[in-house]
Amino acid sequence: MSAPLPKIPGTTPFDGDQARKGYALNKMCFSFNEAANRAEFQKDEEAYMRKYGLNEQQTAAIRARNVLQLIAAGGNAYYLAKFAGIFGLDMQDIGAQQTGMTKDEFKAKLVAANNQ
Amino acid sequence: MAQLIGGLGTSHIPAIGGAIHKGLQQDPYWKPFFDGFPPIHAWLKEKQPDVIVLFYNDHGLNFFLDKMPTFAVGAAAQYHNADEGWGIPTLSPLQGELDLSWQIINTLVEKEFDIVTCQEMLVDHACTLPLKLFWPNGDAPVTVVPVCINTVQFPLPKPGRVYALGKAVGEAIRAWDSSKKVAVMASGGLSHQLDGERAGFINKAFDLQFLDSLDTNPEWATQFSVHELVEKTGTQGVELLMWLAMRGALATGGGPKVRRVSSNYHIPISNTATAVLALEAC
């Protein structure tokens with residue numbers, strides 16, 4: 001076995017462990033490519049989550065709309081973006097939520113990256 | 001033989017699709033990004049490529065984790081765009097270039113890149129937006145061969161391997177028995193991170209050094225592992241692999257010499273550092 005890679009702060013590479021843990025959650029989010037599936041989810045979230053076999057941790061994270069919890073439950077950024085899209089959230093909303101900032105603070109942080 | 005005229009690179013942020021749709025190119029937020037394109041439009045008008053080989057990463061439209069190829073080459077007569085779930089307009093289909101698809105597939109397998117081939121393949125914003133940006137008026141007057149590189153599920157291919165893949169694609173293009181003019185294109189990056197407490201991470205110094213390296217020292221970024229690239233450029237900054245493949249394709253034929261036609265680097269659009277580049281093969 002190769003040695004574990006050094007941890008990158010605030011970062012969870014979507015590796016085999018994450019892919020195994022998050023399969024059901026990511027499969028549900030992948031289904032949101034289709035408008036009919038988005039509508040079905042919005043009509044009855046609990047039934048839709050059962051249909052995809054989400055575990056307790058994943059179900060709780062979806063209910064909470066909490067991106068860090070969704071990542072901890074095995075969610076992948078590309079598929080989670082489709083879940084966020086249902087609620088009209090953009091990448092600055094998601095960035096703000098994950099970093100504990102307001103959206104304006106998060107946008108200011110991005111602009112400030114020019115001064116690096 | 002076909003002529004490889006050069007390489008193009010651009011970011012492919014979904015929000016660009018919305019901005020084009022709403023005509024916001026002169027809006028103060030968007031202008032510094034869109035201003036990078038006119039010099040490249042002029043170069044394309046002069047050079048008139050017929051075919052684009054497009055290195056991109058799928059964002060969960062065509063490929064899911066049930067079957068996730070490391071490298072996939074399109075071999076379809078037409079590539080359809082579709083609903084990606086978060087509301088950017090669906091664009092018209094892209095026309096394929098079947099003879100070049102199979103020329104690339106045959107060459108890659110001969111050179112021991114055991115790729116996946118796709119006779120049906122939905123293409124997402126990473127394919128449609130770059131064409132819209134480089135040819136803003138109507139449908140792009142080119143056919144395409146999409147080459148998808150996995151950035152979704154680790155392990156991702158090593159940077160050196162991606163560069164070598166690009167090189168093999170370049171050799172396939174130059175050996176294609178056709179009078180057509182071909183350009184290679186990279187769709188992705190540069191530094192950005194969407195997920196985790198480090199969301200919003202941007203590394204300007206690294207990006208600028210990377211862009212510089214593409215002129216005369218194109219293998220510079222292959223010294224890093226994928227893990228090191230994530231650390232230096234963010235979880236989605238690894239899309240710079242597309243740029244390495246594009247540049248690798250140009251490092252064939254007469255050698256690695258290129259002329260930089262134009263480039264632009266701007267922070268931020270959405271959560272990313274953006275870059276636009278055109279290189280002419282010499």
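What follows is calculated from the coordinates using simple rules that are stated; it is not laboratory data. No experiment lies behind these values; they were computed from the predicted model shown. Glycine also receives a Cβ, built like all others from the backbone with ideal geometry; neighbour counts cover every protein chain displayed.
Of the helices (runs of 4 or more DSSP H) that lie entirely inside the range B:1-110, those containing 1 or more residues that are in contact with an Asp or Glu (Cβ under 8 Å, 6 or more places away or on another chain), farther than 14 Å from residue B:126 by Cα and among the hydroxyl-bearing types (Ser, Thr, Tyr) span B:98-110.
Can you tell me which residues in the range B:44-55 are touching a residue at least 60 places away in the same chain (Cβ under 8 Å) and surrounded by fewer than 20 Cβ atoms within 10 Å (Cβ to Cβ)?
Filtering the range B:44-55 for residues touching a residue at least 60 places away in the same chain (Cβ under 8 Å) gives B:44, B:47-55.
Scanning the range B:44-55 gives B:47, B:48, B:50.
Check whether at least one residue in the range A:38-60 is closer than 25 Å to residue B:68 by Cα, within 9 Å of chain B (Cβ to nearest Cβ), crowded, with 19+ Cβ neighbours inside 10 Å and more than 11 Å from the chain's Cα centre (by Cα), and report yes or no. Taking every residue of the range A:38-60 in turn, at least one turns out to be closer than 25 Å to residue B:68 by Cα, within 9 Å of chain B (Cβ to nearest Cβ), crowded, with 19+ Cβ neighbours inside 10 Å and more than 11 Å from the chain's Cα centre (by Cα).
Just to verify a result, which residue in the range B:18-64, among those that are among the acidic types (Asp, Glu) and farther than 24 Å from residue B:178 by Cβ, is farthest from the chain's Cα centre (by Cα)? Among residues in the range B:18-64 that are among the acidic types (Asp, Glu) and farther than 24 Å from residue B:178 by Cβ, the one farthest from the chain's Cα centre (by Cα) is B:27. I'm checking my understanding of the structure. Among residues of the range B:61-76 that are within 17 Å of residue B:131 (Cβ to Cβ) and aliphatic (A, V, I, L, M), which one is nearest to the other protein chains (Cβ to nearest Cβ)? Taking the candidates together, the pick is B:61.
If a residue must be out of contact with any Gly (no Cβ under 7 Å at 6 or more places or on another chain) and either closer than 14 Å to residue B:194 by Cα or more than 7 Å from chain B (Cβ to nearest Cβ) (or both), how many such residues does the range A:81-116 contain?
We begin by selecting, within the range A:81-116, every residue out of contact with any Gly (no Cβ under 7 Å at 6 or more places or on another chain); these are A:81, A:83-84, A:86-94, A:96-97, A:100-105, A:107-108, A:111-116.
Next cut, either closer than 14 Å to residue B:194 by Cα or more than 7 Å from chain B (Cβ to nearest Cβ) (or both) only: A:81, A:83-84, A:86-94, A:96-97, A:100-105, A:107-108, A:112, A:115.
Result for the range A:81-116: 24.
Of all the criteria given as (1) part of a helix (DSSP H, G or I); (2) over 18 Å from residue B:63 (Cα atoms), the one not satisfied by residue A:13 is (1).
Could you check the range B:111-131 and list, in sequence order, the residues that are part of a helix (DSSP H, G or I) and hydrophobic (A, V, I, L, M, F, W, C)?
Within the range B:111-131, B:126, B:127, B:129, B:131 meet the criteria.
Residues in the range B:132-161 that are part of a helix (DSSP H, G or I) and either of a type in the set (Phe, Trp, Tyr) or over 25 Å from residue B:81 (Cα atoms) (or both): B:134, B:159, B:160, B:161.
Restricting to the range B:215-228, and then to whatever is surrounded by fewer than 24 Cβ atoms within 10 Å (Cβ to Cβ) and part of a helix (DSSP H, G or I), can you tell me which residue is farthest from the other protein chains (Cβ to nearest Cβ)?
Here is the first cut: in the range B:215-228, the residues surrounded by fewer than 24 Cβ atoms within 10 Å (Cβ to Cβ) are B:215-220, B:222-228.
Next cut, part of a helix (DSSP H, G or I) only: B:215-216, B:220, B:222-223, B:226-228.
On the way: B:215: 22, B:216: 24, B:220: 20, B:222: 18, B:223: 17, B:226: 9, B:227: 5, B:228: 9 Å.
The selected residue is B:216.
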